Amino acid sequence: MGGRGGACRSPGWAAPPPAPPPLLRAAAAADLDDKPADVTAVEVLANIEAMAAGVRSVSRGQAITTEVVTEVHRRLLTGTRLEPHGGRFRDRQNWIGGSDYNPRSAIYVPPPARYVEELMADLIAFLDTDDLPAVAQAAIAHAQFETIHPFVDGNGRTGRVLIHLVLRRRGLSERVIAPVSLVLATATRSYIDGLTGFRHLGAPDTAAAMEGVNTWVGRCAAACSQAVADAMVFETRTAALLANWRARLAPVRADSAAALLLPHLVGAPIITAATAAALVGRSFPAANTAIDRLVQAGILRQVSIGRRNRAFEAPDVFEAFVALERCLANADGDTLAPQRPVPRG
């Protein structure tokens with residue numbers, strides 16, 4: 001996880017547009033008040049919304065309180081079998097790895113439950129400081145949270161949200177969420193080794209203890225740098241995509257509904273006439289006409305969402321997103337050799 005020193009390397013051949021991600025179709029179906037067919041996608045969408053809501057709960061300079069952290073956890077566990085434990089610190093011992101019955105072969109055993117509240121109070125106090133660089137603070141906060149492991153389940157997901165809460169509070173990511181978690185997920189062994197080194201057993205001012213902290217902060221900083229670099233490549237690619245779309249539409253008025261809709265497709269690659277009208281602030285008939293124009297230009301294609309709804313999707317955007325995901329899934333940036341499960345390219 002030391003960084004690959006470069007951006008994504010895309011294949012030299014033209015890959016066919018990937019199938020639309022199930023999450024996007026499930027989200028579109030939900031927006032249309034239809035029941036998505038993919039149950040797993042619905043669960044993942046709930047997870048994403050919980051994370052997004054958690055990150056939005058803190059703005060620049062605002063304190064990250066115990067209530068903020070527990071509310072993030074509560075949202076993450078809502079609708080699961082562990083929902084009764086949502087937002088509550090654990091009252092029992094837990095462990096990572098090994099058997100479900102005892103911690104004898106566990107990779108890591110967190111502190112006993114009776115210490116959790118005190119340790120979390122100490123962590124919350126640390127989150128309200130500005131002494132360290134923001135990335136270093138986010139790295140240490142995440143590692144300390146995972147070390148405490150304060151909840152029965154959902155610690156990993158909550159800990160990843162915590163990284164973004166710190167970066168948002170410190171003003172580094174007020175408008176976007178960089179894909180730091182995807183980079184960390186790719187370098188699993190490096191991630192686990194980094195956390196293990198951070199959990200030094202002994203005095204905190206020893207050379208070994210400081211080396212463990214420094215190594216972990218360095219790896220997390222490298223992950224942040226890689227996430228930002230790859231996100232910038234994606235931004236460049238989408239800018240080129242918009243230019244290509246405009247050329248395919250030409251001639252077209254800059255204030256037409258069709259032209260106004262183009263930049264929205266990157267963030268909303270599956271639309272209906274109603275959502276298009278809302279996005280560009282035009283009437284339903286005008287949005288319908290704009291969609292027809294984009295279909296004729298090959299920018300959109302018609303699909304069915306749910307059981308009865310007609311929608312339109314932008315396959316070029318799916319291709320760009322999949323390329324980014326596959327890039328993030330390889331420490332060398334090779335989209336052809338992902339090191340973890342990713343969408344088909």
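Each reported figure results from applying straightforward, stated rules to the coordinates on display, with no laboratory input. Since this is a predicted model, take the numbers as computed values, not measurements. Every residue, glycine among them, receives a Cβ derived from its backbone with ideal geometry; neighbour counts consider all protein chains shown.
Brief remarks follow.
- Burial order of peptide ranges 132-141, 293-302 (average beta-carbon count within 10 Å, highest first): 132-141, 293-302
- Gain in span if fully extended, residue 192 to residue 59, counting 0.36 nm per residue against the direct Cα distance: 44.9 nm
- Whether region 111-187 is rounded, prolate or oblate, judged on the alpha carbon gyration tensor where a/c under 1.5 counts as rounded: oblate
- Using the Cβ-Cβ distance between residue 200 and residue 289 with R0 set to 45 Å, the FRET efficiency works out to roughly 0.10.
- Test item: Cα-centred dipole of region 38-227, Lys/Arg +1 and Asp/Glu -1 on Cβ, debye: 280
- Of the peptides 158-168, 234-244, 62-72, the order by per-residue mean of other Cβ atoms within 10 Å, starting with the highest, comes out as 158-168, 62-72, 234-244.
- When the charge dipole of region 38-227 is built from unit charges on Cβ atoms (+1 for Lys and Arg, -1 for Asp and Glu) and taken about the Cα centre, the candidate among 84, 48, 127 whose Cα reaches farthest toward its positive end is 48.
- Amide H contacts under 5 Å for residue 303, placed H, 5+ residues apart: 311, 312, 313
- Across region 256-298, the residues whose backbone nitrogen lies under 14 Å from the label position 7 Å along the beta-carbon direction of residue 244 are 266, 298.
- Annotation: amide H of residue 152 within the under-5 Å range of 90, sequence separation 5 or more or interchain, hydrogens built in the peptide plane.
- When peptides 103-116, 250-263 are ranked by their average number of other Cβ atoms within 10 Å per residue, the highest-first order is 250-263, 103-116.
- Gyration tensor verdict on region 149-261 (Cα atoms; rounded if a/c is under 1.5, prolate if a/b is larger than b/c, oblate otherwise): prolate
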